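**Q** Have a look at the structure that comes next, please.
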Amino acid sequence: MTPLHTHNLTGIRDMLGRGEVRPSEVLESCLERLENTEPQIHACLTVCADDARAQAAALEAEGRSSPAKALWGVPLTVKDVLCTKGVRTTAASRILENFVPPYDAFAVERLKAAGAIIMAKTNLDEFAMGSSTEFSAFGGTNNPWDTARIPGGSSGGSAASVAARQCFGSLGTDTGGSIRQPAGLCGCVGIKPTYGRVSRYGAIAYGSSFDQIGPLARTVRDCALLLSVIAGYDPRDATSCDTPVRDYTAAAGRVGLSGITLGLPVEYWGEGLSAETEKACRAAVNIAADLGAKIKEISLPSLPYGIAAYYILASAEASTNLARYDGMRFGLRVPGADLAGTYVASRSKGFGEEAQRRILLGTYALSSGYYDAYYTKAAKVRRLIAEDFAKALEQCNALLAPVSPVTAWKPGSVTDPLSQYKMDILTIGLNLAGLPGLALPAGLGEDSGLPVGLQIFGRAFDEAGIIGIASALESALPGLGEPKGLL
Ligand code: GLN
C-alpha cells in the first residue's frame, strides 16, 4: 500500500469519505513524514501534534456528518501569519515569538468547520516581507527539490510542506506574489484570489490593500476545493466582498480550451527570463494552443513601473501596520529607561533587518515633505497598471506569464535588497490590480532540473475561469513527479 501522505488532497478526502481510512491513520502518516523531512527542509515553526491528534479523535468520535464536511479528516498546514486560537502565531518575528492568539482567522475557522485538521504552522519571511523565506527570524526553509536552495517566499514553508508531502494542502498569503512564487519554485499549485474574495480577518497585516489569503496544494482541483471552503463574505473584514462564491471544484473539471483567448503580455516574456524558464513556459503555451486556445500577444505598458510602485505602497502600509508592535499591549517588550526608550528597545530587538528597512522606507514615503512625490505618485501608477490589466482582460479570458524569472536560487546568493525586490517582477503587477492569479507547474527546467511555474491571471472574481484553464492545462502538461531533494 502506498503511504497515506503520498495521496493528493482530493484522493485522501474521498478515501476518508468512503471510510477506507480513519482521520487518525492519515494524520499519523503525515506526522511521521513531517518528522522525517523536517530536519532537511524546516517548513514548520510550530507542529501542533497533540492538538491535531485530539482533533482527529474528536472527528472519529462524532463520525462523518451528513452532508459530509468538505475536508473531513484532512491534515493541512497554515502559514504562521494566520491567527490560530490557542496556538502560537509568530509571523516569523521575534516580536511575536510568544504570541498566542485568542481567536482563529476567518479562513482557519472555515477550514476547521469543514473538518480539516491543522497540523502545523509554516515558516515565512518575517511579516511576509521577502521572496525566499530567508528572512524568517527562526531560520530559513529549504526547497524539497534541492535542499541547498530556497523554496521561494514569503509562503515558503507552506509550499515546502506541500511539496514534501507533509500535508495535503496549506494556506498562504499573497501581497506581491507570496503564494504563487513559492508554489512555482516548489512545483505546487497556488491561487491568489481576487482582493476581497477571502476575508483577511485574523491575518497579520503586511500591506492591507494587497494582502490576500489563498490555498497551495498539489493539484488544481485540490486548490479549488480549499478555495471553495475559505471564500466568502465576512462582515469582520471591511474589504470582504459579498460576491457569490462559484463552485470552484466543478470548474476544475474543464477539458480543452476551445473558445478561450489567452493573452501573452510582452512585458512578461522579454528580457530577464532564464532560458530554461522561457522554454518550459513557452512549451506550456504551445500546449494551450493545441488544446484549442487562441493565443494573442498583448501589452501592459505601465507594468515596468510596478516594482517601484509596489515597494513604496506596500512599505507605506507596512510602516503603519507594524506601528502596533510597541511592546505595550502584546508581543515582545524590552524595558528601556522611559516610555520612548521601551518603544525603541522593543522594536529594535523585535524586528529583523528587512522589517526595519520596510518601516523606514514606508515612513519616509508617507512623511509630509515626500508624500506627494512618492506615495501619491505610486498610487497613480497603481491605477494605470490596474487599467492596463482591465483593458487586456477585455480582449482575453486570461493572461499567461512565467512565475519567476529563474528557478530556485541558493540562500545568500541574492543579497542586496534591490536585486531581491526585482525577483518579484512577474508577480507584483497582479496585486497592484487586485486580480486573481494561479501558479501551475509548467515542467522541470532543462538545466537545473528544478520546477518552473506558469501563472494564469484572470478577471476580477473569475477564479473559476482560471481554475478551469489551469485544470485543462494540468492534464495535458507532463507531471513533475516526486521532489528529488529529499532522502
Ligand atoms: N516579495 C514581496 C515582498 O517582499 C511579496 C511578499 C508577499 O507577497 N507577501 O513584499
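The values are calculated or read from the model by the stated rules, or taken from the named source; none is laboratory data. This is a predicted model, so every value here is computed, not measured. Using ideal geometry, Cβ is built from the backbone for each residue, glycine included, and neighbour counts are taken over all protein chains shown.
**Q** Give me the pairs, please: first residue somewhere in the range 239-260 and in a helix (DSSP H, G or I), second residue anywhere and of a type in the set (K, R), beta-carbon distance under 7 Å, and either six or more positions apart or on two chains.
**A** Between residues of the range 239-260 that are in a helix (DSSP H, G or I) and residues that are of a type in the set (K, R), the close pairs are T249/R221.
**Q** Consider the range 290-327. How many of its residues are hydroxyl-bearing (S, T, Y) and closer than 16 Å to C396 by Cα?
**A** Summing the residues that are hydroxyl-bearing (S, T, Y) and closer than 16 Å to C396 by Cα in the range 290-327 gives 1.
**Q** If the requirement is being β-branched (V, I, T) and in contact with a Lys or Arg (Cβ under 7 Å, 6 or more places away or on another chain), which of these qualifies: V344, V334, V285? Please lay out each step first, then the result.
**A** Numbers: V344 fails: in contact with a Lys or Arg (Cβ under 7 Å, 6 or more places away or on another chain); V285 fails: in contact with a Lys or Arg (Cβ under 7 Å, 6 or more places away or on another chain).
After ruling out the rest, the residue left standing is V334.
**Q** If Q181 passes every condition in (1) of a type in the set (S, T, N, Q); (2) closer than 30 Å to R324 by Cα; (3) free of Cβ contacts under 8 Å to residues at least 24 places away in the same chain but one, which one does it miss?
**A** (3)
**Q** Considering only the range 16-57, how many residues are in a helix (DSSP H, G or I) and basic (K, R)?
**A** The number of residues fulfilling the criteria is 2.
**Q** Across the range 318-330, what is the total count of residues that are surrounded by fewer than 22 Cβ atoms within 10 Å (Cβ to Cβ) and assigned to a helix (DSSP H, G or I)? Outline the logic, then answer.
**A** Residues of the range 318-330 that are surrounded by fewer than 22 Cβ atoms within 10 Å (Cβ to Cβ), as a first pass: 319-321, 323-324, 326-330.
If we keep only those that are assigned to a helix (DSSP H, G or I) as well, we get 319-321, 323-324.
Qualifying residue count, the range 318-330: 5.
**Q** Filtering the range 168-208 down to residues that are part of a loop (DSSP other than H, G, I, E, B) and among the aliphatic types (A, V, I, L, M), which residue is farthest from E126 (Cα to Cα)? Please lay out each step first, then the result.
**A** Going through the range 168-208, the residues part of a loop (DSSP other than H, G, I, E, B) turn out to be 168, 175-179, 187-188, 193-202, 204-208.
After this cut, where a residue has to be among the aliphatic types (A, V, I, L, M) as well, the list is 179, 198, 204-205.
On the way: I179: 15, V198: 22, I204: 11, A205: 12 Å.
By that ranking, first place goes to V198.
**Q** Would you check if there is a residue in the range 376-389 being of a type in the set (G, A, S) and within 23 Å of the chain's Cα centre (by Cα)?
**A** Just the residues of the range 376-389 that are of a type in the set (G, A, S), to begin with: 378-379, 386.
Filter once more, keeping what is within 23 Å of the chain's Cα centre (by Cα): 386.
Yes: the range 376-389 contains one or more residues that are of a type in the set (G, A, S) and within 23 Å of the chain's Cα centre (by Cα).
**Q** Sticking with this structure for a sec: Any residue at all in the range 102-110 that is away from the ligand (no atom under 15 Å from the Cβ), charged (D, E, K, R), over 30 Å from P3 (Cα atoms) and more than 15 Å from the chain's Cα centre (by Cα)?
**A** yes
**Q** Report, ordered by the first and then the second residue, all pairs with beta carbons closer than 8 Å, sequence separation of six or more or different chains, a first member in the range 73-99 that is at positive phi and surrounded by fewer than 24 Cβ atoms within 10 Å (Cβ to Cβ), and a second member that is part of a loop (DSSP other than H, G, I, E, B) and among the β-branched types (V, I, T).
**A** Taking only residues 6 or more apart or on different chains, the pairs are G86/V100.
**Q** Then there's this: Against the definition (surrounded by fewer than 17 Cβ atoms within 10 Å (Cβ to Cβ) and within 19 Å of the chain's Cα centre (by Cα)), how does K349 come out, yes or no?
**A** Details: surrounded by fewer than 17 Cβ atoms within 10 Å (Cβ to Cβ): yes; within 19 Å of the chain's Cα centre (by Cα): no.
Judged against the criteria, K349 is not a match.
**Q** If we keep just the residues of the range 135-157 that are closer than 25 Å to S208 by Cβ and surrounded by fewer than 23 Cβ atoms within 10 Å (Cβ to Cβ), which is farthest from the ligand (Cβ to nearest atom)?
**A** F138
**Q** Can you pull out every residue in the range 455-487 that is closer than 16 Å to R246 by Cα and of a type in the set (D, E)?
**A** Residues satisfying the conditions are D462, E463.
**Q** Quick one: what pairs do we get from the range 354-381, first residue among the acidic types (D, E), second more than 16 Å from the ligand (Cβ to nearest atom), C-beta under 9 Å, 6+ apart or different chains?
**A** none
**Q** Let me ask something additional. With the structure loaded, tell me whether T320 is of a type in the set (S, T, Y) and over 23 Å from the mean Cα position of the chain (by Cα) or whether it fails that test. Give the steps one after another, and end with the answer.
**A** On the way: of a type in the set (S, T, Y): yes; over 23 Å from the mean Cα position of the chain (by Cα): no.
The answer is no for T320.
**Q** Also, quick follow-up: If you go through the range 158-183 one residue at a time, how many are away from the ligand (no atom under 15 Å from the Cβ) and either surrounded by fewer than 24 Cβ atoms within 10 Å (Cβ to Cβ) or within 17 Å of N431 (Cα to Cα) (or both)?
**A** Within the range 158-183, residues that are away from the ligand (no atom under 15 Å from the Cβ) and either surrounded by fewer than 24 Cβ atoms within 10 Å (Cβ to Cβ) or within 17 Å of N431 (Cα to Cα) (or both) number 1.
**Q** Another question, then. Could you check the range 58-85 and list, in sequence order, the residues that are under 27 Å from the mean Cα position of the chain (by Cα) and either in a helix (DSSP H, G or I) or not aliphatic (A, V, I, L, M) (or both)? Show your work before the answer.
**A** Taking the range 58-85 first, the residues under 27 Å from the mean Cα position of the chain (by Cα) are 69-85.
Scanning the range 58-85 gives K69, W72, G73, P75, T77, K79, D80, C83, T84, K85.
Yes/no matrix, rows are residues, columns are (1) away from the ligand (no atom under 12 Å from the Cβ); (2) in a helix (DSSP H, G or I); (3) among the hydrophobic types (A, V, I, L, M, F, W, C):
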{"residue": "A392", "(1), (2), (3)": "yes, yes, yes"}
{"residue": "V406", "(1), (2), (3)": "yes, no, yes"}
{"residue": "W409", "(1), (2), (3)": "yes, no, yes"}
{"residue": "T415", "(1), (2), (3)": "yes, no, no"}
{"residue": "L430", "(1), (2), (3)": "no, yes, yes"}
{"residue": "L435", "(1), (2), (3)": "yes, no, yes"}
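**Q** Restricting attention to the range 184-206, which residues are surrounded by 24 or more Cβ atoms within 10 Å (Cβ to Cβ) and within 12 Å of the ligand (Cβ to nearest atom)?
**A** Listed by number, the residues that qualify are G190, K192, A203, I204, Y206.
**Q** Does any residue in the range 415-443 that is among the charged types (D, E, K, R) come within less than 8 Å, Cβ to Cβ, of a residue that is at pLDDT 95 or above six or more places away or on a different chain, and which pairs are these?
**A** From residues that are among the charged types (D, E, K, R), the pairs are K422/I307; D424/S131; D424/G176; D424/G177; D424/Q181; D424/I307; D424/Y310.
**Q** Just name the residue that is surrounded by the most Cβ atoms within 10 Å (Cβ to Cβ) out of those in the range 209-220 that are part of a loop (DSSP other than H, G, I, E, B) and within 12 Å of the ligand (Cβ to nearest atom). Give the derivation first.
**A** Residues of the range 209-220 that are part of a loop (DSSP other than H, G, I, E, B), as a first pass: 209-211, 218-219.
So of that shortlist, the ones also within 12 Å of the ligand (Cβ to nearest atom) come out as 210-211.
Numbers: F210: 23, D211: 25.
The extreme case among them is D211.
**Q** A further question on this structure: Considering each of A289, A238, A251, A308 in turn, give the residue that is surrounded by 23 or more Cβ atoms within 10 Å (Cβ to Cβ), on the phi < 0 side of the Ramachandran plot and at pLDDT 95 or above.
**A** Going through A289, A238, A251, A308 in turn, the sole match is A251.
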